[in-house]
Amino acid sequence: MPKKTALTTGLEELEKLKQLNAFLQRRSVALTPQELKVLYCAINGQTNAETAVALEVSIATIKTHKNNLISKLGVEGKGGFRKFLLKMAQSPP
């Protein structure tokens, strides 16, 4: 089995982001590219701090994106967002 490189891992993540975006678009949920990245990180269990470092933004910016995601996804608050994340982590699009 070939060894994974940063490039292959990056390409796999890009493909997963595309699949997630297509899944959301089929449900008429339009996210900004940054919101999509924040959602992807949250689905993968990253904390706000880890996501902020990965995306090179502040934790406050991550929290703002998550509040926007809650609204756009139509879930009920943080609890509904957590349920959505668990569902997506268990059965990705």
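The values are calculated or read from the model by the stated rules, or taken from the named source; none is laboratory data. Since the structure is predicted, the reported quantities are computational estimates derived from the model, not experimental observations. Every residue, glycine among them, receives a Cβ derived from its backbone with ideal geometry; neighbour counts consider all protein chains shown. Please note that ligands, DNA and RNA were not included when accessible areas were found on the heavy atoms of the full protein model with its side chains. Shrake-Rupley method; radii C 1.70, N 1.55, O 1.52, S 1.80 Å.
Taking the longest Cα principal axis of the chain as reference, the axis of helix 33-43 is set at about 80 degrees. Go ahead and run the numbers for FRET between Ala60 and Val29, Cβ-Cβ distance against an R0 of 25 Å, rounding to 0.05. Approximately 0.60, to the nearest 0.05. Residue by residue, the range 59-76 carries 3J(HN,Hα) couplings of 4, 4, 5, 4, 4, 4, 4, 5, 5, 5, 4, 4, 5, 5, 7, x, 9, 8 Hz when phi is fed to the Karplus relation 6.51 cos²θ - 1.76 cosθ + 1.60 (θ = phi - 60°); x denotes Gly or Pro.
Rolling a 1.4 angstrom probe over the protein heavy atoms, how many square angstrom per residue are accessible across the chain?
On a per-residue basis, 68 Å².
Shape call for the range 44-88 from the C-alpha gyration tensor, a ≥ b ≥ c root eigenvalues: rounded (a/c under 1.5), prolate (a/b greater than b/c) or oblate? Since a/c reaches 1.5 but b/c is at least a/b, the shape of the range 44-88 is classed as oblate. With everything on Cα atoms, drop me the angle between helix 6-26 and the longest principal axis of the chain, reported from 0 to 90° to the nearest 10. Here the helix axis deviates by roughly 30 degrees. Counted residue by residue at 0.36 nm each, then reduced by the alpha carbon distance between them, the extension gain from Lys83 to Ser71 reaches 2.9 nm. Here the chain is assigned +1 on the Cβ of each Lys and Arg and -1 on the Cβ of each Asp and Glu. Its dipole about the Cα centre then comes out at about 280 debye.
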